[in-house]
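Worksheet: one structure, shown below.
The values are calculated or read from the model by the stated rules, or taken from the named source; none is laboratory data. Quick caveat: nothing in here was measured; it's all calculated off a predicted structure. Here Cβ is always computed from backbone atoms with ideal geometry, including for glycine, and neighbour counts include all displayed protein chains.
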Amino acid sequence: MITEVGECIRVAAVFGPGGEVEPKWFIWRGRTYKIEKVTFAWKVKEGRATVHHFSASTGTALYEICYHTETLQWRLMAVSPE
């Protein structure tokens with residue numbers, strides 16, 4: 001069952017050449033979640049900004065997180081158990 005969230009989160013990520021982004025872990029509601037694997041990634045244009053979306057597995061749940069290039073904010077969009 002997918003639960004929509006839409007909350008701001010803190011993320012540790014590696015930024016590479018050409019605009020590549022790889023999230024490593026995130027903090028949501030005071031708890032740290034280590035990303036074991038990014039299972040899917042896609043980009044969406046919103047005006048001048050690009051929004052990077054990631055389907056990220058922690059081993060126990062699947063999280064959709066996104067990074068907005070104009071606001072520089074990360075958001076947790078949804079969570080579902082694996």
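Please work out which one of (1) part of a loop (DSSP other than H, G, I, E, B); (2) at pLDDT 95 or above is the condition Gly59 fails and give its number.
Single failed check for Gly59: (2).
Sort out which residues of the stretch 33-56 are more than 12 Å from the chain's Cα centre (by Cα) and either modelled with pLDDT of 95 or more or not β-branched (Val, Ile, Thr) (or both), and write them in order of number.
Pass one, the stretch 33-56, residues more than 12 Å from the chain's Cα centre (by Cα): 36, 44-50.
Hits for the stretch 33-56 are Glu36, Val44, Lys45, Glu46, Gly47, Arg48, Ala49.
Residues of the stretch 62-82 being free of Cβ contacts under 8 Å to residues at least 24 places away in the same chain, in a strand (DSSP E or B) and within 19 Å of Cys8 (Cβ to Cβ), which ones?
Answer for the stretch 62-82, where residues must be free of Cβ contacts under 8 Å to residues at least 24 places away in the same chain, in a strand (DSSP E or B) and within 19 Å of Cys8 (Cβ to Cβ): Glu64, Cys66, His68.
Could you check how many residues of the stretch 34-82 are basic (Lys, Arg) and surrounded by 13 or more Cβ atoms within 10 Å (Cβ to Cβ)? Spell out how you get there, then give the answer.
Of all residues in the stretch 34-82, those basic (Lys, Arg) come to 34, 37, 43, 45, 48, 75.
With the extra rule that they be surrounded by 13 or more Cβ atoms within 10 Å (Cβ to Cβ), the set shrinks to 43, 75.
Residues in the stretch 34-82 being basic (Lys, Arg) and surrounded by 13 or more Cβ atoms within 10 Å (Cβ to Cβ): 2 in total.
Do you know which of the residues in the stretch 4-25 that are surrounded by 14 or more Cβ atoms within 10 Å (Cβ to Cβ) and in contact with a Leu (Cβ under 7 Å, 6 or more places away or on another chain) is modelled with the highest pLDDT?
The residue in question is Ile9.
Inside the stretch 58-80, can you point out the residues that are hydroxyl-bearing (Ser, Thr, Tyr) and within 10 Å of the chain's Cα centre (by Cα)? Can you show your working first?
In the first step, residues of the stretch 58-80 are kept if they are hydroxyl-bearing (Ser, Thr, Tyr); the result is 58, 60, 63, 67, 69, 71, 80.
Tyr63, Tyr67, listed by residue number.
Among the residues in the stretch 3-20, are any outside any strand (DSSP E or B), without any contact (Cβ under 8 Å) to a residue 12 or more places away in the chain and on the phi > 0 side of the Ramachandran plot?
Yes: the stretch 3-20 contains one or more residues that are outside any strand (DSSP E or B), without any contact (Cβ under 8 Å) to a residue 12 or more places away in the chain and on the phi > 0 side of the Ramachandran plot.
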